Structure formats: C-alpha cells, structure tokens
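A short worksheet on the structure shown next.
Where a number appears in this text, it was derived from the coordinates with a stated rule and is not lab data. Since the structure is predicted, the reported quantities are computational estimates derived from the model, not experimental observations. All Cβ positions, glycine included, derive from the backbone under ideal geometry; neighbour counts span all protein chains shown.
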Amino acid sequence: MTVPATPGRRAEAGVLPLDGAGVLVPAETPFRQVWRSFRKDRLAMAGLVVLAALLMLAVLGKLFTEWWVLFDPATVRLPDKLRPPFSIPSSSIGKELWPTLGLYPFGTDELGRNVFARMLQGSFVSLSVGVVAVSISLIIGITVGGVAGFYGQRKLGFVSVDTLLMRVTDVAVCFPTFFLILTVVALLPPNIYNIMIVIGITSWMGTARFVRAEFMALREQDFVTAARALGLSEGRIIFRHLMPNAMAPVLVSATIDVAHAILTESALSFLGFGVRPPFATWGNILADGRSYIFDAPWLFILPGGAILVVVLAFNLVGEGLRDAMNPKLRRRASG
Amino acid sequence: MSGAEPQATPLLSIRGLRVDFATDAGSVPAVRGVDLDIGISETVALVGESGCGKSVTAMSVMRLLTGRISAGSIRFGNTELQSLSEPEMRRIRGAQIGMVFQEPMTSLNPVLTIGKQIEEVLTLHQRLTSSAARAHAVELLKRVGIPSAERRASQYPHELSGGMKQRVMIAMAISCRPKLLIADEPTTALDVTIQAQIMDLLGSLQQELGMAVLLITHDLGVVAHFAERVAVMYAGKIVEQGAVRDIFKRAAHPYTRALLAALPDPLRTAARLEAIPGRVPLPRMLPAGCAFCARCKHVFEPCPGVLPELFPIAPGHSAACFLHDPRRAPSNVPCQ
C-alpha cells in the first residue's frame, strides 16, 4: 500500500471518511457532536461544573447528615447562637456536641445550629425536588403532548383529541400556579414528596406544547410512513422513532425547568409551606435568617447565594444545550 | 416471456378500487375503479404522470392511506386485506409486502444507525435474537451492495449518500423475503448513473428471491428494461394494460401513444419533443366520459359522455378507448 498515512478528519472535505489504510472511520454519534459543540461554550461548561459539584455535595450531604452523621443539622447549641463563619465553638460546648471540623465553616443560626450541616442537608432537598418534580412534569407533558401531536386528528365525539388536550393545557397554563401550589400545600401535609408532586403537576404545560409541536412535524415525515410500511406498531414508532427525534428541545426546557422547580421549592419553604422546619432546606434556612439580616448576614447570603448559583448554573447548561443541539447555532459557537 | 397472460391465481388482485380524499371542496376521487392483477414473481409497472393515482393505489394495498377506500377489494393471496384488523395488517406489512419509497434521503430515521433500523424489522417479524439480527442486517447490507457493511451498519443516515440510503431502504424492504415488493418511484430522487444501479439491484433481487414487484414510475425507460407487464394510469383509472412489448410496440390508447411520442429519441434529432396538449383535468372536474377526451386527437361522439371500459385488443392487452370498441369504433379512425 502506498497510501500515505494521513490521520484526521477527511470526512469534512466531502470524501468518504477513510483513515490511512482505507478503512472507514467509525461514525461520530449525535451525542458526541453535541458534546463537542457544548464543550466550546465556556459559560455552559462552568454551569456544568457547578452542577457536578452540587450533585456531589448533595450526595455527600445525604450521606453525612442522615446515614453516617458527621454533621448533625438539628443539634441545638444555644450558647453558640449566631456565630459568624469560621468561628470556633465556645468552651461551654461539651465534647458530645463539638462540631465535626472543630469549627463552624458557615457560622451558626439563632439556635446555634451548624449552618454548614444545614446547607449540606438542604442541597440534597433542592436537587431532588428539582429532579423529581421535573421528571413528573416530563412524564405528564410528554404523554399529553405526544398524544395530542400524534393522535390529534382523531375525533372524540365533536372535538378532536388535539383540541381537547391543548385546551386542557391552556386552562392549566392560565392557573396562577404559585397560588395553586400554596393552596394545595396548605391542605396537604407539608412533606417533601407532596411538594415534588405538586410542582410536577403544575409545570408540565410547556413540555406538552413542545412535544406536540415536534410530533406534529415528525408525524408527517417520510421515515414514519416507511416505518409503518415495515409493519412497526404505533407504540414502537412513537417511542423508538419519534421520541428520540423530539428529545432535543424537551431536554433543554427540562434543564431550565429544574431551575424553576428549585426556585419554587425555596419560595415555598421560605413562606413556611415547604418542608417542615427541623429538616433544613435552603428556603427555610433563608426564611429563618431573614429576622437577623443585620446581625447575621451569612444566614441569608449563603442559602440565597447557593440558590442563585444553582439556578444560574441550570439555566446556563440549558442555554448551552440549546445552542449545541441546534445545528444552525452550532457553527457560530465553533467559529 | 411469461408476461402476456396473467396467471391463474394472482398474488395480488385489485378489483374496482376507488379512493376518495376529503377536502374542503368536498370529496375528491383519486382512484376511480382500478383493476390490477400481479402474478407470483411477476413484475408489473404502473405508469402515469404525477397525480394520476399510482402512489395512492400502492398505499391502498399497504393500507397506509390518509384518504378513504370507498369501494373495491384488494386480495393478497387468499386474504382480503381490507377485512384484516390493524395488528393482522402489521404482520403483512414488511413481512409479506415490502415497500421502497421515492425519497431515500428522508425515509430513514435520522437518530438511529442504519444497522439498528434493519435489525428492528428482523426482530419484529422474524423473532431473531439481537445478535442474529445484527449478523443478518450486515448480510443484507452486503447483499444490496454496500461496501464495508459492518462499519456502515453502525453509521447514521446522514453519513450515507442518496444511492446508499436507497440500498438500505431496499435491504429493509427485502429483509423478511416478502412475496411482493412495491417500489414507489424508487429512482426518481437519484442520479441517472445510480438509477441504473438501483434498478439492476432490484432486478437481481427479484430473480434471487422470486418476489413479485409492483414498480410505480413515470420513467418509461425504466419500464422497458425492467417490467414484464405495464398498466398505464390516467386520472385515477387504468387506461391501458398489456405486456411490455405490446405497450411499446402496439400502444392502443391515444394517451399511451402520446406518452411514448413524448420520449426523446437519440436517433431522431427533432428540434422539439412532442408534448401532450392541455393538462390533466382536476379530479373534481372530470368529464362523465373518458378523462383524456379533452386532450385527445381522435376524440369522437361517445368520448365525452360515456365512460369507456377496457376493450380487449389481444390476449392480455386491453385499452379503455372507444377506438377499440368493435361496436362503436368509426372505421375511418386509424387504430394504429
């Protein structure tokens, strides 16, 4: 063989992707293309790093505050109330109440509880509320949107399926969501699962509209007819052929929805309708701290800042994904 | 040379097929009574210009229409396809009747590798395990002439050219060894050089698998090379049917003759190609009689008012034109 070994991407020159030995180079998956473009977006990458750190913190938080209690967020040390960050416990604290690191990294609150431990515990709550609530909203949204988009032209009596489902969606959009959540949460026992469910079933409308629009466009594509002509069932066509094609905008909006859900949970906890007090969330740490804004500013700066950073990170990752998954924007991002 | 006589028990038998599409202006007929037989291992070409109902006829066989079949029967072997339930019909599609489409560029799912898409059909209809399906998919890709089939199987549709994609579509359509392959303008979207390759491939696959082919096309050159029997459609009806020799040498219907006259002939350097005057009538403004009468050179008294049936001309050759009606045809009109 006299073919010169020229590694690299000849596919871009419009030639078959061959390597030096004339062998076809394995294909680049769509996922890799998106990742390659996403990596160039520095803000989105920063967001992703923050989210990775948050995920780690949340897992560690769950581990160290509940299963292997290194940091007890509920320990009350009244002599040490409202201590600033990085202060050392006073001598009146007994050995059994001594904080793990020998100091209070984030200070203490009005009951002398370790804010660091409480923030750790809260990080898991925030993340899990965000993820679970958005999963619920995705399930409802994809189902409603998918049915409306795929079976929309079927008639149910005098209305089409599409009209029926989308008017229901319109009605759901028109509810003042936050007050609805407040009402429901006030009636239900205020535990974290109820909050997840309530946020989930009040935030699916955007997803439903996205998915419906995607499905309506995809339904008419030739490959759907081809799939039918091969004898594939509608369920298979919907879940295996249409869904992956519709996933890009859904994933983007889901990422941003997680930020919304975290904010909503924080707001609920702040108002006292959220997770019940001995259990810490960023929202109720903030709520407890608001009476001591001038005496103990760390009590609202730390949880408030944490909420801000996490919400911002989710939004940046969502924006980055949107750009990376849109081939028209991809060129700009790489140029 | 088996083409002239339709076999005793046809594989596919369409009788009196009528298809209507509901529009804002009311119901519009797209197919107005089509009779067509396809024998086992026979190649039949359905020819006609755009909008004459060729594809609608094919889609009716697959029961993939957006319109409504208002009358007629479609028998496949001994089964009446219209009486089947949807799950029963799904077991016919892909397994017994394969279909190749006009647009290879958009007929493959962009987010699945081509190997996965072929495997899906195999696991569905033949209940193969996934590794067996993978091996079979690669075999199929090799059979349809795709080089480096193992690697190609893990590529996505956007990495293949149009001709390659059409080969993949053919591989999917024949994957379960169907008895009938419907090829709906399989070469229209391809380059001329690729067209010949694809038609050669279809021809050799037909020989190998012994399947019948219903070729839908408006390319008479393809028909001459590939088909045994030809049915010419005009405005939702078959106007002439016969063996390919009869159609090309002794075309009987004025429309078929006009179509053949419109073909460029490399030996005859005429300045202009023959064109058929006028245009296809709109489906909702069809005359009561022959739909071609407004454009026909030989139009005479019964044409606009009476619908011509298919009059036999020779064994296996018939045309829906009163020129061939022994009772009506005026003796002074040239039949040939």
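Of these, B:Ala258, B:Ala251, B:Ala231, which one is within 26 Å of B:Val31 (Cβ to Cβ) and in a loop (DSSP other than H, G, I, E, B)? Can you show your working first?
Values: B:Ala258 fails: in a loop (DSSP other than H, G, I, E, B); B:Ala231 fails: in a loop (DSSP other than H, G, I, E, B).
Of B:Ala258, B:Ala251, B:Ala231, the one residue that is within 26 Å of B:Val31 (Cβ to Cβ) and in a loop (DSSP other than H, G, I, E, B) is B:Ala251.
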Of these, A:Met56, A:Met45, which one is in a helix (DSSP H, G or I), under 12 Å from A:Ser123 (Cα atoms) and away from chain B (no Cβ under 14 Å)? A:Met56
Have a look at B:Glu159, B:Glu150, B:Glu185 and point out the one that is over 28 Å from B:Cys52 (Cβ atoms) and either touching a residue at least 12 places away in the same chain (Cβ under 8 Å) or of a type in the set (A, V, I, L, M) (or both). B:Glu150
From the residues in segment B:168-199 that are more than 14 Å from chain A (Cβ to nearest Cβ), touching a helix residue (DSSP H, G or I) at 6+ places or on another chain (Cβ under 8 Å) and assigned to a helix (DSSP H, G or I), which one is surrounded by the fewest Cβ atoms within 10 Å (Cβ to Cβ)? B:Gln197
Name the residue, out of B:Ala71, B:Ala30, that is part of a strand (DSSP E or B), closer than 23 Å to B:Val232 by Cα, over 18 Å from the mean Cα position of the chain (by Cα) and not charged (D, E, K, R). B:Ala71
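Across segment B:93-107, which residue is farthest from the chain's Cα centre (by Cα) among those that are within 7 Å of chain A (Cβ to nearest Cβ) and not small (Gly, Ala, Ser)?
Residues of segment B:93-107 within 7 Å of chain A (Cβ to nearest Cβ): B:93-95, B:99, B:101, B:103, B:106-107.
Keeping just the survivors that are not small (Gly, Ala, Ser) gives B:93, B:99, B:101, B:103, B:106.
Numbers: B:Arg93: 16, B:Met99: 10, B:Phe101: 11, B:Glu103: 15, B:Thr106: 20 Å.
Once the filter is applied, the top-ranked residue is B:Thr106.
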Hey, A:Ser126 hits all of (1) farther than 24 Å from A:Ile301 by Cα; (2) of a type in the set (Gly, Ala, Ser); (3) assigned to a helix (DSSP H, G or I) but one; which does it fall short on? (1)
Could we say that B:Ser130 is facing another protein chain (nearest Cβ under 7 Å), small (Gly, Ala, Ser) and either surrounded by 22 or more Cβ atoms within 10 Å (Cβ to Cβ) or farther than 30 Å from B:Pro10 by Cα (or both) here? no
Select from segment A:178-205 the residues that are free of Cβ contacts under 8 Å to residues at least 40 places away in the same chain and more than 22 Å from A:Ile139 (Cβ to Cβ) and write down the one among them that is nearest to the chain's Cα centre (by Cα). A:Phe179
Out of the residues in segment A:220-243 that are within 12 Å of B:Val121 (Cα to Cα) and of a type in the set (Lys, Arg), which is farthest from the other protein chains (Cβ to nearest Cβ)? A:Arg236
Anything in segment B:136-159 that is part of a loop (DSSP other than H, G, I, E, B) and more than 10 Å from chain A (Cβ to nearest Cβ)? List them, or say none. B:Val144, B:Gly145, B:Ile146
Within segment B:108-119, residues being within 7 Å of another protein chain (Cβ to nearest Cβ) and part of a helix (DSSP H, G or I) number 0
